[in-house]
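Have a look at the structure below, then the notes.
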Amino acid sequence: VALVLIVVLVISMKAMSGRGTPLRGGWPSGHAAVAFAGWMAVTLTLDGSQHRFLVSSLAFIMALLVAQTRVEAGVHSTLEVVTGGTLGAIVTLVIFQVFSA
């Protein structure tokens with residue numbers, strides 16, 4: 001649910017900002033949003049697991065690498081990647097909180 005919502009939000013925000021296309025460039029970074037949503041989902045799913053810190057740390061590093069490659073490739077600016085990552089993490093956290101209540 002969270003990933004679908006994030007993709008819809010990213011495409012909507014890109015359409016409203018008029019920058020980039022739904023699948024390339026623009027504000028915010030969809031790749032970063034999905035990567036950080038994955039990190040947040042993994043972290044929240046492993047609540048109480050003895051390996052939570054290790055797995056969450058690895059997922060976070062992978063999300064950072066996705067974000068870094070988007071900037072390094074010149075597809076996104078740092079602000080676009082930070083916005084995408086923040087959007088993905090926050091939306092996923094909210095969805096998990098709503099559905100766990």
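The values are calculated or read from the model by the stated rules, or taken from the named source; none is laboratory data. As the structure is a computational prediction, the values presented were derived from the model and not from experiment. So basically every Cβ, Gly included, is an ideal-geometry build from the backbone, and we count neighbours across all protein chains shown. Quick note on the areas: whole protein, heavy atoms, side chains included, nothing else; ligands and nucleic acids left out. Shrake-Rupley method; radii C 1.70, N 1.55, O 1.52, S 1.80 Å.
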List the pairs whose first member sits in the range 87-98 and is under 11 Å from Leu9 (Cβ atoms), whose second member is of a type in the set (Phe, Trp, Tyr), and whose Cβ atoms are under 7 Å apart, counting only residues at least 6 apart or on separate chains?
-> Gly88/Phe36
For the range 48-101, how many residues meet the condition of being open to solvent by 70 Å² or more (accessible area, probe 1.4 Å), out of contact with any Ser or Thr (no Cβ under 9 Å at 6 or more places or on another chain), more than 21 Å from Val7 (Cα to Cα) and assigned to a helix (DSSP H, G or I)?
-> 6
Looking at Arg52, is it of a type outside the set (A, V, I, L, M) and either touching a Pro at 6+ places or on another chain (Cβ under 8 Å) or more than 25 Å from Phe99 (Cβ to Cβ) (or both)?
-> no
Tell me which residues, restricted to the range 27-47, are surrounded by 18 or more Cβ atoms within 10 Å (Cβ to Cβ), of a type in the set (A, V, I, L, M, F, W, C) and closer than 18 Å to Thr92 by Cα.
-> Ala32, Ala33, Val34, Ala35, Phe36, Ala37, Trp39, Met40, Ala41, Val42
